[in-house]
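A.B. asks: Below you will find the structure I want to go over with you.
The values are calculated or read from the model by the stated rules, or taken from the named source; none is laboratory data. Since the model is a prediction, treat every value here as computed from it, not as a measurement. Cβ atoms come from the backbone with ideal geometry, glycine included; neighbour counts cover every protein chain shown. Only protein heavy atoms, including side chains, enter the accessible area calculation; ligands, DNA and RNA are left aside. Shrake-Rupley method; radii C 1.70, N 1.55, O 1.52, S 1.80 Å.
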Amino acid sequence: MSNSMTNTNTDVGIAGLGYAIPERRVDNNYFTRFVETSDEWIVQRTGIKERRWLEDHRKPSDLFTEAGQKALDDSGVAAEDIDLVIVCTVSGDHQGVPASACVVHENLGCKDAGAFDVQAACSGFIYGLSIGSQFIKTGTYKNILVIGGEALSRIADIYDRNSVIIFSDGAGAAVLQPHAVCKQGLIEDLTLGADGAGAQFITRPRGGGAEPITPEILAEGTHLIRLEGRQVYRFAVSQMISLMKWGMEGQDPDDLGLIVPHQVNRRILEKTMEMLDIAEDKMFINIDYYGNTSAASVPIALTEACNQGRLEKGKLVVLAAFGSGLTWAGARIRW
Ligand SMILES: CC(C)(COP(=O)(O)OP(=O)(O)OC[C@H]1O[C@@H](n2cnc3c(N)ncnc32)[C@H](O)[C@@H]1OP(=O)(O)O)[C@@H](O)C(=O)NCCC(=O)NCCS
């Protein structure tokens, strides 16, 4: 590992991918025990048929570690050669102390690598890619592990039908290297953004530093996620459109291989395809079986797309995500 900062402009590539999901399947009917809802409503409004929730005896870091190990195996990089571990999550083992990245670092057997978490909700993985890329661009590091992982079932309120039916658990990971070394997944461009005016739309309202947890907060469940879905819906459609336009600006439309969006809601994704006249086979959608896994959704989808042979050599892959904050992020990758 080198910490010396040289002033290069090294191209960054994706050397390996991996994902992990819990085996426990939760179908829509499960929620009818706790709230007034139905399979029909959930499928029609979100496209979700089932999701995966972490088994009670497992920890979020178990998923993050499994995804990270798979990405390492795929890249051929040993854990001890990783220079930096970045975990993007809002639902790790602890409430930020220590960082999930340090737990994963230990589980994988990394040696002296830096480790920290990134909190940008559903945009987190692309934020992590962007941060990791800077260290490779400057020639500071050679091997970086970026993991997007969540166990949202652990911070969702089973009695809040507006939100609990959407969220789910999983993890996805990528190993970044100089493109000259791995010769695939060239990250051509990245964009990040945020609008704090929308901070209250997806939030854990109480129980944090501003209002430390009390028995009253626990009883009302306001330390868990609350969602103003209708507000986020509007933002999500317009942001998806902006990110798609950003991703393809100045590019030959025939170069587009695949769009891999945050799996927010099937209706939002279909609306975007319709408004931008994007063919169905150009967008990867797996929300039907995994639900919304926040920071994990893009890397899980990217890995599945890769495993299914849908990332064509030389074609463009556009990643697009948005979420709590409000935040958004995009990446254009030439595979
Ligand atoms: C959450 C979401 C699926 C709700 O769908 P929607 O069509 O916008 O539904 P609305 O919020 O307008 O609610 C419509 C009605 O259904 C009800 N409803 C909400 N959740 C329900 C559920 N699980 N089952 C049955 N009815 C439900 C509402 O109470 C409302 O009833 P009302 O008209 O009597 O007030 C949708 O807004 C969405 O996907 N938003 C973005 C997702 C998101 O925020 N993800 C997290 C960050 S990426």
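A.B. asks: Probe of 1.4 angstrom, ligands and nucleic acids ignored: what's the accessible area per residue over the chain, in square angstrom? Show your work: numbers first, answer last.
C.D. replies: Working: 14390 Å² over 335 residues.
Computed with neighbouring chains in place, this is 43 Å² per residue.
A.B. asks: In addition: Need the full-extension length gain, ARG58 to SER238, defined as separation in residues times 0.36 nm minus the C-alpha distance. One decimal, nm. All intermediate terms of the calculation are to be shown ahead of the outcome.
C.D. replies: Values: separation 180, 0.36 × 180 = 64.80 nm, distance 3.72 nm.
So the extension gain works out to 61.1 nm.
A.B. asks: Considering only Cα-Cα distances, which of the following residue pairs are longer than 18 Å: LYS282/LYS315; LYS183/LYS313; LYS59/LYS142?
C.D. replies: On the way: LYS282/LYS315 12 Å; LYS183/LYS313 11 Å; LYS59/LYS142 30 Å.
Beyond 18 Å: LYS59/LYS142.
A.B. asks: Less than 15 Å apart at the alpha-carbon level, and either on another chain or at least 8 residues along: which aspartates and glutamates does that give for LYS271?
C.D. replies: GLU280, ASP281
A.B. asks: Please report the carbon-and-sulfur percent of the accessible area for segment 12-183; probe 1.4 Å, protein heavy atoms only, DNA, RNA and ligands left out. Display every interim value, and only then the final one.
C.D. replies: Values: 3120 of 6780 Å².
Ligands and nucleic acids excluded, carbon and sulfur give 46 percent.
A.B. asks: Could you give the semi-axes, largest first, of the ellipsoid that matches segment 187-334, computed as the square roots of 5 times the alpha carbon gyration tensor eigenvalues and rounded to whole Å?
C.D. replies: On the way: eigenvalues 210, 48, 37 Å².
Result for segment 187-334: semi-axes of 32, 15, 14 Å.
A.B. asks: In addition: So if I take the centroid of the Cα atoms in segment 117-180 and the same for segment 184-258, what is the distance between those two points in Å?
C.D. replies: One Cα centre to the other: 13 Å.
A.B. asks: Normalised by the residues of the chain, what does the relative contact order come to in percent, with Cα pairs under 8 Å and at least six apart?
C.D. replies: Numbers: 822 pairs, mean separation 84.4, N = 335.
That works out to 25 percent.
A.B. asks: Shifting gears a bit: List the GluC sites (Glu not before Pro) within segment 1-81 that fall in a DSSP loop (any state other than H, G, I, E or B) and whose Cβ has at most 16 other Cβ atoms within 10 Å.
C.D. replies: Numbers: sites: GLU23, GLU36, GLU40, GLU50, GLU55, GLU66, GLU80; in loops: GLU23, GLU36, GLU55.
Hits after loop and neighbour filter: GLU23, GLU36, GLU55.
A.B. asks: Residue by residue through segment 231-242, which ³J(HN,Hα) values in whole Hz follow from phi under the Karplus form 6.51 cos²θ - 1.76 cosθ + 1.60 (θ = phi - 60°), with glycine and proline marked x?
C.D. replies: 5, 5, 4, 4, 4, 5, 5, 5, 6, 4, 5, 4
A.B. asks: Then there's this: What's the Kirkwood radius of segment 55-145 in Å, using all Cα pairs? Before the final figure, lay out the partial values.
C.D. replies: Details: mean 1/r = 0.0753 Å⁻¹.
13.3 Å is the Kirkwood radius here.
A.B. asks: Students sometimes get this wrong: rank ARG52, ARG33, ARG154 by accessible area, probe 1.4 Å, all chains present, largest first.
C.D. replies: Numbers: ARG52 30, ARG33 170, ARG154 100 Å².
Solvent-accessible surface, decreasing: ARG33, ARG154, ARG52.
A.B. asks: Ok, one more. How many percent of the alpha carbon pairs in the chain exceed a separation of 35 Å?
C.D. replies: Working: 9539 of 55945 pairs.
More than 35 Å apart: 17 percent of the Cα pairs in the chain.
A.B. asks: For the ranges 294-307, 216-229, what's the packing order if you count other beta-carbon atoms within 10 Å of each residue, average per peptide, and put the highest first?
C.D. replies: Working: 294-307: 26.8, 216-229: 16.4.
Ranked by mean Cβ neighbours within 10 Å, highest first: 294-307, 216-229.
A.B. asks: Just the ratio, please: alpha-carbon radius of gyration of segment 12-183 over 2.2 N^0.38 Å, N its number of residues.
C.D. replies: Dividing the Cα Rg of segment 12-183 by 2.2 N^0.38 Å gives 1.11.
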